[in-house]
Amino acid sequence: KCVGRTEKEFNRKNRTFVYSTITIDDIEGELFKIDRIRDVLVRRESELRYMMDDIQLCKEITRLKKELQKLVSIPDNDKSNEDRQKEEDLLQQIHKLVETRDFLVDDVEFERLREREEDKEMADFLQSKFPRNSKKKGQIPARRLTSRAQQTSSPFTKTGLSLLKECCGFTCSIM
């Protein structure tokens, strides 16, 4: 009796689904929207990870700068060989972090260009796949296909050294 009841419910539900007004195009359209939302979320996650890396680099650079500033403030004739070596080590560490940050900036720019190309390809594909939708609703604007971070000015659009100057207040002539 339970099996028959479940079977009847299954048939009733399937009949409702079969006779609904949803078309294959509607389902495909929904799937594309879901994929698009997923892509936007993945991109946002990536942007946030880059931002976290950038913040960590800035904190470390700031810490090293303060340490270096203490050593630089000591008169040269009062510095020990250990102080001079420490200065040199700090300069090398700061330089290495600046280079790391430059690579980060380059990675972000490369990602941005790749995403723009993907957005263009997706817009072209959707235009060819759903021409009637784009005629009704107009062309899909490029700004709708870019992430919010791409639309606003981002600190990653500048060079590594200008980033360093802005973020860390790096004003000494070490570099």
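What to note about this one:
- Members of the range 13-33 found to be loosely packed, with under 10 Cβ neighbours inside 10 Å and modelled with pLDDT of 85 or more, listed by number: 23, 24
- Selection of the range 83-104 for residues being more than 28 Å from the chain's Cα centre (by Cα) and among the charged types (D, E, K, R) yields 83, 84, 86, 87, 88, 89.
- All positions within the range 40-89 that are touching a helix residue (DSSP H, G or I) at 6+ places or on another chain (Cβ under 9 Å), open to solvent by 50 Å² or more (accessible area, probe 1.4 Å) and among the basic types (Lys, Arg): 44, 59, 84, 86
- Test: residue in the range 116-135 that is over 30 Å from residue 24 (Cβ atoms), in a helix (DSSP H, G or I), modelled with pLDDT under 95 and out of contact with any strand residue (DSSP E or B) (no Cβ under 6 Å at 6 or more places or on another chain): yes
- Restricting attention to the range 103-119, the residues being in contact with a Leu (Cβ under 8 Å, 6 or more places away or on another chain) and not hydrophobic (A, V, I, L, M, F, W, C) number 1.
- Restricting 119, 107 to residues that are under 15 Å from the mean Cα position of the chain (by Cα) and in contact (Cβ under 8 Å) with a residue 40 or more places away in the chain narrows the list to 107.
The values are calculated or read from the model by the stated rules, or taken from the named source; none is laboratory data. All of these numbers come straight from a predicted model, not from anything done at the bench. We place every Cβ from the backbone using ideal geometry, glycine too, and count neighbours over all the protein chains shown. In case anyone asks, the SASA skips ligands and DNA or RNA and just uses the protein heavy atoms, side chains included. Shrake-Rupley method; radii C 1.70, N 1.55, O 1.52, S 1.80 Å.
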